[in-house]
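Let me begin by presenting the structure, written as structure tokens, before commenting on it.
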Amino acid sequence: MTSLSGHLLVAMPQMQDPRFARAVVYLCAHNEDGAMGLVVNRLLDDVTWPALMKQLGIETTGTKSEKRIHFGGPVEAGRGFVLHSADYVEDGTLVVGGNVALTATLEILRAIGRGGGPKRSLLALGYAGWGPGQLDSEIQANGWLSVAADEELVFDAQQDDKWRRALAKLGVDLLSLSGESGRA
């Protein structure tokens, strides 16, 4: 099995699951036990950074209030995950690949609230998860494409066209994609 950790999953146009239609998922882990990733192109409208930090009792003296919260996926929707540049590492940080890491602690939120922490970050509630072999089966059934991740695409605040830009990294023309799978 080839691990896709550190890659982007790009939903095929015919993706039926509305939670993942036109989704771009950064894969944080992919091994024989399953896979875990964060959707990086969906924002939550009903949760704001200031309200979340207030609820957690975290001061936000050094943070801009326009920071947005992402829908990371349908699993454990109340749990927060920070996908960030690897210039910030603490106990419990998983350095995924290249210059991208994942931390799920209150300490990273405190650091960001003080204006410190990683240079680039994305806070997501929930995650996308797959059991052993499940993601591989979905890829074989033409549910997902994978592409090498780049920090600009992952951390860019422009959400509307991330899916199209991720497909463009593959040189894929949306009109030529087929939902049919087969064998040569």
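FYI, it's all coordinate maths here, none of it is from the lab. Note that the structure is predicted; figures quoted are calculated from it, not measured. All Cβ positions, glycine included, derive from the backbone under ideal geometry; neighbour counts span all protein chains shown.
At-a-glance table
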item: Largest-first principal axis extents, alpha carbons of the range 7-176, Å; result: 49, 32, 27
item: Estimated FRET transfer efficiency when R0 is 25 angstrom, pair ASP156-THR2 (beta carbons, to 0.05); result: 0.40
item: Whichever aspartates and glutamates have a C-alpha closer than 18 Å to that of LYS54, once near sequence neighbours (fewer than 8 apart) are set aside; result: ASP45, ASP46, GLU66, GLU107
item: Environment charge of GLY126, counting only residues whose C-beta is closer than 12 Å and scoring Lys/Arg +1, Asp/Glu -1; result: +2
item: For GLY97, net neighbour charge (Lys/Arg +1, Asp/Glu -1) across residues whose Cβ lies under 13 Å away; result: -2
item: Over the chain: helical MRE at 222 nm, DSSP H runs n ≥ 4 each giving -39500 (n - 2.57), nearest 500; result: -5000 deg cm²/dmol
item: Zone of LEU170's modelled label, taken as backbone nitrogen in the range 1-28 under 17 Å from a point 7 Å along Cα→Cβ; result: 2-17, 20-27
item: Alpha-carbon centroids, the range 118-177 and the range 1-52: separation in whole Å; result: 6 Å
item: Separation in nanometres of the label points that stand 7 Å from Cα toward Cβ, at GLU107 and GLN55; result: 2.4 nm
item: Gain on full stretching of the segment that runs from SER137 to GLU66 - 0.36 nm per residue minus C-alpha separation; result: 21.7 nm
